[in-house]
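First the structure, in the form of structure tokens, and then the observations on it.
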Amino acid sequence: MIAKITQPYNILTSNTLLIIYYNITLKFFRCILVAIAALLASSHTDAQTQLKINERTAVMDSITGTWLCSVPEECFGDSYEAWSIELDNATGITVDGMDASNGYTFKHIDGTRTWAIKGTAPDGKPVQHNLQFTFLPIVVINGTVDKDAYNTGTVSVLLPDEDIVSPCKVKFRGSATNSHVYFKRNYHLKFVNEQGEKEDYKFFEDLRNDNNWLLDGGTLDRLRVRNRVLTDLWADIVSKPYYAEQEPKALTVSRGKMVELFRNGEYFGVYNMCEAMDRKQLKLKKMNEETGEVFGQLWKSGQRSTTTKMMTCPTPNNFMDTWDGFEVNYPELSDVNPTDYSTLYNAVKFVAESSDEEFAAHAREYLDVDPLIDIFIYMQFLLAYDNLGKNYYWATYDRTQGPMITPVMWDFDTSLGQSWKNTEYHPTYLHPEQDVYTFYTSNVDLYIKRFVKWNVDGFVDKAKERYWQLRKGVLATDSINDRFTACIDMLKKSGGAQREERRWVRCSDLGGRSVDLTGELNFVTDWVTKRMKWLDNYFGEHPVGDTNYDDEVDISDANFTISAILNKSGANDIYAGRSDINSDRVVDINDYNNLANKILRK
């Protein structure tokens, strides 16, 4: 009953005043519900109530009054031996009516079952709490969280075999979702010690030891795991950066694990706790802190602009930490002021202003092409129109060694048929049988356009070869769909899926929809299946003159060529080179005549 009562403040309305009203009343409803939940959960409680199983901390959701404890996954479907159950100073502990004073065996563990734990407080009053188990790590944030500045609070990471509690600087993060109108916010964590100095933690096996961590809630993702699954898939695809021989441990992806999050006593659902994309992850050469000499540099394209698309190249201001959509990431402006945009500037200027001949001859000096080929393929797979012109990092390993920059792809939460607009969740314009590079022509990054248009350095040919290589492995349709299914199955087994769906019913973040992991999984796997069939044709072998890739050479190809010649707005010049029938890197009437003769000879 409590979960149903909480939902009115999450309902989406199209009226701004109503949205504001619901946001204002949110705290009021929560206060009432916290009080009700506390009364229902226990006839005797206080602010210091603690429940521990085998000295492992459990966490209570103030909305439902249910406690959650993380235990090893191997206990699920089996038993968990509790040699110690502590409920403050209560005595006479029972579990589901059975004496547990000397321990208790929790049998048939699963993520949705609830156990009733009772006892008697020192004042003689009865105590009762409900308990559930998960095998996902539990992250607990206690403290004030703001959008624009870090506040120091306490963050606990409760692993199945260890409790880690630390002071931590916390703030909300993200771009579109970093707003008070969203309820499931994303977080940036920077762990510190009691003196306020950075404190590194290795929370998960195979992930890094660091103080800098992100919590991604999949705010706009009805599946909640698009970013995690697609980033892991990308890690198995993307080529090593150009400096890999110097830094073989360099990573151009962010690894992570799914967790369950509480903030100030309230359950917020499943999250992707992941590494930050920074100098350490990319293994860029550190600056000399004694002399101030800069070597490795990192920039983020946070906002789409003609500069981040490398179409124009205005002069940057080295005293600013932003440049027309680019953001300085390393070294930070506070450490090096003025900064130096010259390496990024020179690459953007080259792409924006070089002739076709110059671009073909020197593109590999400025741009790390092998990862770009993978990006070209992956962008088509994702139909990630929100990643056109933004959601990239650009890095140089050592600016003193040359002008090369390498791309780092980032943020896949709105993809595979999902819009970033919560008012149109599965819009028809994101159907799986279309080209991302003709979907939103004006936002296509110029470096991709220039490589593809004339097949510079065999870019298109190499992309086709690479696609079919990947298609036999990680891009096999069943392999992709199995990743999503396995992740959702894991959440269901842990109980996190059911808690997530119960927490976010008729959620305004999702345009008034409820989280439906099974339904969205069915949508994604169907979309992926159709998408891969379309991509097989896109990256397939097409006859000379088949400029529109429909496997026919006919009048429609001639029309495509005419549009390319006239450069009409309806023709995307990224593919104008398909009409270069005589391979002279110019699309003109000679190409049309060659194509017309080919059609007439059919």
>> I'd like the antiparallel share, as a percent to the nearest 5, of DSSP beta bridges with both residues in the chain.
In response: 85 percent
>> Could you derive backbone 3J(HN,Hα) for region 457-469 from the dihedral phi with the Karplus parameters 6.51, -1.76 and 1.60 (θ = phi - 60°), listing whole Hz in sequence and x where the residue is Gly or Pro?
In response: 6, x, 4, 5, 4, 5, 5, 5, 4, 5, 4, 5, 5
> Given a Förster radius of 30 Å and the C-beta distance between Thr485 and Lys286 as r, what FRET efficiency does 1/(1 + (r/R0)^6) yield to the nearest 0.05?
Replying inline: 0.15
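Quick check for you: with a 1.4 Å probe and neighbouring chains kept, what is the accessible area per residue of the chain, in Å²? Provide the component values of the computation, followed by the final result.
Values: 25760 Å² over 602 residues.
Result: 43 Å² of accessible area for each residue.
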> How high is the relative contact order of region 489-602, in percent, with contacts defined as C-alpha pairs under 8 Å that are six or more residues apart?
Replying inline: 14 percent
> At q = 0.16, 0.17, 0.28 Å⁻¹, what is the log10 ratio I(q)/I(0) for region 533-602, with the Debye formula run over Cα points and no solvent?
Replying inline: -0.50, -0.56, -1.31
> Karplus couplings for region 295-301 from phi (6.51 cos²θ - 1.76 cosθ + 1.60, θ = phi - 60°), rounded to Hz, Gly and Pro as x?
Replying inline: 10, x, 9, 9, 10, 10, 8
> Okay, helix-only estimate at 222 nm for the chain: each DSSP H run of n ≥ 4 adds -39500 (n - 2.57), divide by all residues, round to 500 deg cm²/dmol; what do you get?
Replying inline: -9000 deg cm²/dmol
>> For the chain, take the longest principal axis of its alpha carbons; what is the angle in degrees between that and the long axis of helix 356-366, to the nearest 10 within 0 to 90?
In response: 40 degrees
>> With only alpha-carbon pairs counted, each pair once and no self-pairs, how large is the Kirkwood hydrodynamic radius of region 127-171 in angstroms?
In response: 12.2 Å
> In whole angstrom, how far apart do the alpha carbon centroids of region 519-580 and region 230-276 sit?
Replying inline: 33 Å
> Angle between the Cα long axis of helix 342-353 and the longest principal axis of the chain, 0 to 90 degrees, nearest 10?
Replying inline: 50 degrees
>> Just to be sure I understand: if I project the alpha-carbon convex hull of region 213-351 onto a plane and average over all orientations, what area do I get in nm²?
In response: 11.1 nm²
>> If I fit a long axis through the Cα atoms of helix 555-566 and take the longest principal axis of the Cα atoms of the chain, what angle between them do I get, 0 to 90°, rounded to 10?
In response: 80 degrees
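Using Cα pairs closer than 8 Å and at least 6 residues apart in sequence, work out the relative contact order for region 307-388, in percent. Each step should come with its number before you reach the end.
Values: 57 pairs, mean separation 22.6, N = 82.
Computed over region 307-388, the figure is 28 percent.
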>> I need to check one value: relative contact order of the chain, counting alpha carbon pairs closer than 8 Å and at least 6 residues apart, in percent.
In response: 12 percent
>> Can you give the FRET efficiency to the nearest 0.05 for Lys240 and Lys198, using r as the Cβ-Cβ distance and R₀ = 30 Å?
In response: 0.55
>> I'd like the distance between the alpha-carbon centres of region 436-452 and region 324-374, rounded to an integer number of Å.
In response: 17 Å
> Considering only protein heavy atoms and a 1.4 Å probe, what is the carbon-and-sulfur percentage of the accessible area of the chain?
Replying inline: 50 percent
> If the viscosity is 0.890 mPa s and the temperature 25 °C, what translational diffusion coefficient in µm²/s does Stokes-Einstein give for region 476-545 when Rh comes from Kirkwood over Cα pairs?
Replying inline: 173 µm²/s
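For Arg601 and Asp478, what does the FRET efficiency come to when R0 = 56 Å and r is the distance between their Cβ atoms, rounded to the nearest 0.05?
On the way: r = 42 Å, r/R0 = 0.75.
According to the calculation, E is roughly 0.85.
Report the net charge of residues surrounding Met379, where surrounding means a beta-carbon distance below 11 angstrom and charges are Lys +1, Arg +1, Asp -1, Glu -1. Intermediate values should be presented prior to the final figure.
Values: positive: none; negative: Asp374, Asp386, Asp435, Asp445.
Around Met379, the surrounding residues sum to -4.
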> Once both labels are modelled 7 Å past Cα along the beta-carbon direction, what's the Gln434-Thr518 spacing in nm?
Replying inline: 3.1 nm
> Whose amide H sits under 5 Å from the amide H of Thr66, counting only residues 5 or more places off or on another chain, with H placed in the peptide plane?
Replying inline: Asp61
> Which whole-Hz ³J(HN,Hα) couplings does region 215-230 yield from phi under the Karplus relation 6.51 cos²θ - 1.76 cosθ + 1.60, θ = phi - 60°, glycine and proline marked x?
Replying inline: 10, 10, x, x, 3, 9, 9, 5, 8, 6, 10, 3, 4, 5, 5, 6
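Given the C-alpha atoms of region 402-459, compute the convex hull and give its volume per residue in Å³.
Values: hull volume 7.4 nm³, N = 58.
Spread over its residues, the Cα hull of region 402-459 gives 128 Å³ apiece.
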> In the neighborhood of Gly218, defined by Cβ-to-Cβ distances under 9 Å, what is the net charge if each Lys or Arg adds +1 and each Asp or Glu adds -1?
Replying inline: +2
>> Can you pull out the trypsin sites (Lys or Arg not before Pro) in region 282-348 whose DSSP state is coil and whose Cβ has at most 15 other Cβ atoms within 10 Å?
In response: Lys286
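Once the other residues with Cβ under 10 Å from the Cβ of Lys240 are scored (Lys, Arg +1; Asp, Glu -1), what is the net sum?
Values: positive: none; negative: Glu245, Glu247, Asp368, Asp370.
Residues near Lys240 contribute -4 overall.
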> Contour minus end-to-end for Asp536 and Asn593, with contour as 0.36 nm per residue of separation and end-to-end as the Cα-Cα distance?
Replying inline: 17.5 nm
> Once Rh for region 187-248 is found with the Kirkwood sum over Cα pairs, what is the Stokes-Einstein diffusion coefficient at 4 °C and 1.567 mPa s, in µm²/s?
Replying inline: 89 µm²/s
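The values are calculated or read from the model by the stated rules, or taken from the named source; none is laboratory data. Keep in mind the model is a prediction, meaning the values are calculated, not measured. When we count neighbours, we look across all protein chains shown, and the Cβ atoms used for this are built from the backbone with ideal geometry, even at glycine. Calculation scope for accessible area: heavy atoms of the full protein, side chains included, ligands and nucleic acids excluded. Shrake-Rupley method; radii C 1.70, N 1.55, O 1.52, S 1.80 Å.
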